[in-house]
Amino acid sequence: MPRPRLTASPPNRNRPPGLGRAGAGLAALLLLAPAAFAQAPPSEDERVERILGGLSLAERIGQLDLVANSPSFSRDRIAAGAAGGVLAFTNGRDIADVQALARRAPSGIPLLVGLDVLHGLRTQYPLPLGEAASFDPDLAREVARAAAREAAAIGINWTFAPMADLARDPRWGRMVEGFGEDPHLGAAFTAARVRGFREGGLAVTLKHFAGYGAAIGGRDYDSASIGPGELVDAYLPPFAAGIGAGAESVMSAFHALDRVPATASRFLLTDTLRGRLGFSGFVVSDWLAIDQLRDHGVAATGAEAARLALAAGVDMDMASGLYAKHLPDEIAAGRVPEAAVAEAARRIVRTKLRMGLFEAPTSPPVLDAPPPPSPNDRALARRAAAESMVLLRNEGALPLAPGRRIALVGGIAADAKELVGPHAALVRYEDGVSILEGLRRRAESAGASLSFSPGCDVGCGSDAGFAAAVATAEAADVVVAVMGEPLELTGEAASRAYLTLPGRQAELLDRLVGAGKPVVLVLVASRPVELGRVVDRLAGLLMAWFPGTEGGNAVADLLFGDVSPSARLPVTWPRTIGQVPLFYDRLPTGRPPDPRNRFTLRYVDEEFTPLFPFGFGLGYGRVAYGPVRIDDPVVPRGGSAVVRATVSNVGPRPVSEVVQLYVRQPVARISRPLRQLKSFRKVVLAPGETASVALALPADALAYTDGTGARVLEPGRYEIFVGGASDAPLAGTIELQP
């Protein structure tokens with residue numbers, strides 16, 4: 001079993017087979033006198049330095065190289081100790097083989113084995129944006145733990161997740177990989193997923209540092225401009241929370257922030273990440289991002305790109321091979337200090353020690369491939385999917401009543417693949433439950449009839465099936481239309497200039513509504529969709545996101561009322577693309593919106609307000625808010641206010657309510673957001689039940705960052721808003737003491 005060697009002696013040609021130099025050092029230690037074992041065990045720093053001290057320069061540079069499983073992959077590099085990690089290996093036996101090869105290398109240092117385990121490995125859970133809609137970080141932690149266990153069982157030990165990027169422009173396809181527009185919600189879910197992944201056996205990578213979600217025009221890979229105060233207050237909190245939860249690595253972003261590519265930004269990767277946030281792990285580039293510094297126009301050659309990235313703080317090169325190719329010559333020429341390579345290798349080796357890789361068995365028992373989803377995993381996937389779906393409109397059509405004639409329309413309804421979404425790792429689509437399958441099974445048990453007519457295929461490029469679908473709708477009591485974004489229009493490299501329903505789906509929906517029967521629209525999509533005026537004619541609207549393996553059953557659970565809808569929007573839903581970016585915590589203006597005054601903040605051809613506000617969602621019951629009490633409304637610096645909201649279920653069905661607390665500082669040195677989410681709590685209430693929900697508001701949560709980068713906590717009055725969405729009413733004030 002390889003261990004860090006205790007001396008820098010040359011390789012022992014007579015060592016037992018299977019032992020690298022590190023293993024040989026352990027064998028030599030076993031021959032020492034028993035008195036040697038009376039000494040205190042070496043500290044972590046001592047172990048790291050002993051490992052590094054025995055590595056050649058080539059082996060140190062090798063630790064900085066992350067090698068992809070591709071047609072050009074060479075096992076010789078692993079055997080020579082010329083790689084610190086591998087990615088895109090998906091077979092357990094192959095992973096065990098390359099890991100064993102690394103342990104037999106002269107250095108004997110185990111590999112990081114990375115994969116995008118974003119929302120599951122084989123069992124697929126809701127995409128992170130849908131997961132954030134649950135407003136239940138504990139559930140997110142449970143899901144991440146389950147996904148990690150599945151991945152660890154085949155030898156993966158490192159995931160390129162979670163994505164901590166704040167996203168406020170739904171044109172950006174990668175919005176679905178993160179937790180929405182709010183820093184507080186994003187921080188809570190980032191920390192939860194980090195903890196869950198680590199508990200399940202995976203090291204994590206926070207990505208993409210930083211401001212990647214602010215790309216101009218929502219165009220993936222485009223540049224961004226963010227003021228220093230906004231960067232710290234809005235975009236960094238999720239990363240800070242992930243670091244506090246123990247994240248081992250951080251990924252640099254593809255884009256340029258304020259004219260400097262993130263992968264070459266010392267301000268971001270050293271001054272901010274390591275300085276301001278105190279990160280002590282290692283930084284890995286995104287795919288080929290170091291090589292792409294030439295396309296950014298800041299490096300003329302691959303050697304210069306490698307030099308810039310290392311100087312900025314990128315420790316590990318993903319897939320470009322530029323560190324391995326150029327750093328030896330750069331060091332020899334004096335353009336790169338050898339100490340910089342040593343420090344990068346030190347961070348990576350320290351991480352491997354903390355992960356326990358040196359203590360792992362030489363040939364760990366692994367599965368070649370993950371088994372089919374277990375009953376427990378399916379139950380968790382179903383629960384997570386149901387808790388992620390947001391009911392946005394209900395004109396009495398839901399829940400579906402027993403004995404009804406249901407018309408199901410939409411090509412997406414019959415395709416379980418379309419419920420999975422991007423970055424699906426080792427998914428097998430045959431594991432999934434389609435909406436057609438889930439509804440058909442549940443309708444049968446409810447004594448209801450279900451007739452299915454697709455209307456069109458997933459892309460909906462033709463109206464050939466529209467007439468049949470309308471006829472099916474006319475013969476039913478209620479219509480469930482399943483529409484949304486095809487898989488290829490979501491995720492990375494899937495920015496959209498139009499947010500309308502793709503293909504001819506909007507035309508089909510309009511014809512279904514015109515048939516005169518109540519229409520419930522189930523949206524399968526990665527982001528808010530522009531629906532136009534038809535939304536006011538819908539009997540129901542359920543945002544299902546990409547719900548995963550058990551999505552079909554979860555949709556049935558909600559539509560039939562077996563589960564009460566409890567999710568809330570983690571993003572603001574615009575009426576039209578012309579409003580974006582649109583987010584709730586905007587700054588005030590000298591001319592606040594006034595529909596009676598043209599010369600105020602407004603549009604001349606559309607309402608200024610969103611279609612649905614951040615935090616909004618309906619249930620199958622009625623919730624009433626009673627008095628809000630603030631304990632000790634005069635708050636000392638370093639203290640905390642406690643806000644107590646009275647919430648009652650005044651309907652006949654159980655309900656889940658997300659009680660949300662927002663804060664505004666009405667007068668400050670700089671303009672402050674109109675309101676900011678500072679606390680939330682999800683409560684379940686039986687019919688007639690009343691609960692007092694306590695929400696803590698620490699004084700430190702009221703601080704902001706000024707233009708110089710300094711943290712400011714101003715005494716004075718703060719307004720408190722409590723309710724079920726970001727448009728919650730004013731509930732009281734607190735006074736922060738000097």
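The values are calculated or read from the model by the stated rules, or taken from the named source; none is laboratory data. Here the structure is a predicted model, which is why all the values come from computation and not from measurement. Positions of Cβ are backbone-derived with ideal geometry, glycine not excepted, and every protein chain shown enters the neighbour counts.
For this structure, a couple of remarks:
- Considering residues of the stretch 449-485 that are under 24 Å from residue 558 (Cα atoms) and touching a Gly at 6+ places or on another chain (Cβ under 6 Å) only, the residue surrounded by the fewest Cβ atoms within 10 Å (Cβ to Cβ): 454
- Within the span defined as the stretch 136-145, one or more residues are farther than 21 Å from residue 201 by Cβ and in contact with a strand residue (DSSP E or B) (Cβ under 6 Å, 6 or more places away or on another chain).
- Any hit, the stretch 204-218, residues being surrounded by fewer than 20 Cβ atoms within 10 Å (Cβ to Cβ), touching an Asp or Glu at 6+ places or on another chain (Cβ under 7 Å) and without any contact (Cβ under 8 Å) to a residue 60 or more places away in the chain: yes
- Selection of the stretch 534-553 for residues being more than 11 Å from residue 388 (Cβ to Cβ), part of a helix (DSSP H, G or I) and not charged (D, E, K, R) yields 534, 535, 552, 553.
- Restricting the stretch 419-444 to residues that are of a type in the set (Gly, Ala, Ser) and more than 25 Å from residue 158 (Cα to Cα), the residue that is nearest to the chain's Cα centre (by Cα): 432
- The stretch 610-656, residues that are without any contact (Cβ under 8 Å) to a residue 40 or more places away in the chain, within 33 Å of the chain's Cα centre (by Cα) and surrounded by fewer than 15 Cβ atoms within 10 Å (Cβ to Cβ): 622, 624
- Checking the stated criteria, residue 506 turns out not to satisfy the condition of being small (Gly, Ala, Ser), touching a residue at least 40 places away in the same chain (Cβ under 8 Å) and surrounded by fewer than 19 Cβ atoms within 10 Å (Cβ to Cβ).
Residues are listed down the side, and each one gets a yes or a no for (1) more than 37 Å from the chain's Cα centre (by Cα); (2) among the aliphatic types (A, V, I, L, M):
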{"position": "450", "(1), (2)": "no, yes"}
{"position": "461", "(1), (2)": "no, no"}
{"position": "464", "(1), (2)": "yes, yes"}
{"position": "471", "(1), (2)": "yes, yes"}
{"position": "474", "(1), (2)": "yes, no"}
{"position": "477", "(1), (2)": "yes, no"}
{"position": "493", "(1), (2)": "no, yes"}
{"position": "499", "(1), (2)": "no, yes"}
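- Search result, residues across the stretch 71-94 that are without any contact (Cβ under 8 Å) to a residue 40 or more places away in the chain and of a type in the set (S, T, N, Q): 72, 74
- Hits in the stretch 152-172 - residues which are more than 13 Å from the chain's Cα centre (by Cα) and in contact (Cβ under 8 Å) with a residue 60 or more places away in the chain: 153, 154, 155, 156, 157, 158, 168, 169, 170, 171, 172
- The single condition from (1) crowded, with 16+ Cβ neighbours inside 10 Å; (2) out of contact with any Pro (no Cβ under 8 Å at 6 or more places or on another chain); (3) of a type in the set (D, E, K, R) that residue 352 fails is (2).
- Single residue of the stretch 63-89 satisfying the filter (on the phi < 0 side of the Ramachandran plot, in a loop (DSSP other than H, G, I, E, B) and crowded, with 18+ Cβ neighbours inside 10 Å) that is farthest from the chain's Cα centre (by Cα): 82
- Every residue from the stretch 332-370 that is more than 34 Å from the chain's Cα centre (by Cα) and either in the same structural domain as residue 91 (by TED's automatic domain parsing) or within 19 Å of residue 81 (Cα to Cα) (or both): 338
- Within the stretch 687-729, tally of residues that are within 17 Å of residue 628 (Cα to Cα), out of contact with any strand residue (DSSP E or B) (no Cβ under 6 Å at 6 or more places or on another chain) and charged (D, E, K, R): 1
- Selection count where residues are in contact (Cβ under 8 Å) with a residue 40 or more places away in the chain and either acidic (Asp, Glu) or out of contact with any Ser or Thr (no Cβ under 9 Å at 6 or more places or on another chain) (or both), scope the stretch 429-457: 16
- Residue match in the stretch 141-154 (condition: at pLDDT 95 or above, buried (at least 24 other Cβ atoms within 10 Å of the Cβ) and more than 21 Å from residue 547 (Cβ to Cβ)): yes
- Yes/no for residue 396 being outside any helix (DSSP H, G or I) and either among the basic types (Lys, Arg) or farther than 26 Å from residue 125 by Cα (or both): yes
- Count of the stretch 697-716 residues which are surrounded by 14 or more Cβ atoms within 10 Å (Cβ to Cβ) and assigned to a strand (DSSP E or B): 6
- From the list 319, 299, the lone residue that is in contact with a strand residue (DSSP E or B) (Cβ under 6 Å, 6 or more places away or on another chain) and small (Gly, Ala, Ser) is 319.
- Meets criteria (outside any loop (DSSP other than H, G, I, E, B) and either surrounded by fewer than 23 Cβ atoms within 10 Å (Cβ to Cβ) or of a type outside the set (Val, Ile, Thr) (or both)) for residue 556: yes
- A count restricted to the stretch 95-131 and to residues that are in contact (Cβ under 8 Å) with a residue 12 or more places away in the chain and part of a helix (DSSP H, G or I) stands at 13.
- Given (1) assigned to a loop (DSSP other than H, G, I, E, B); (2) at negative phi; (3) hydrophobic (A, V, I, L, M, F, W, C), index of the condition residue 425 fails: (2)
- Residue match in the stretch 215-224 (condition: touching a Ser or Thr at 6+ places or on another chain (Cβ under 7 Å) and part of a helix (DSSP H, G or I)): yes
- For residue 684, the test of being in contact with a strand residue (DSSP E or B) (Cβ under 9 Å, 6 or more places away or on another chain), surrounded by 15 or more Cβ atoms within 10 Å (Cβ to Cβ) and modelled with pLDDT of 95 or more is failed.
- The residues of the stretch 702-738 that are small (Gly, Ala, Ser), closer than 26 Å to residue 614 by Cα and in contact with a Gly (Cβ under 9 Å, 6 or more places away or on another chain), listed by number, are 723, 724, 725, 726, 728, 731.
- Residue check, residue 195 among the basic types (Lys, Arg), more than 21 Å from residue 419 (Cα to Cα), surrounded by fewer than 24 Cβ atoms within 10 Å (Cβ to Cβ) and in contact with a Gly (Cβ under 6 Å, 6 or more places away or on another chain): no
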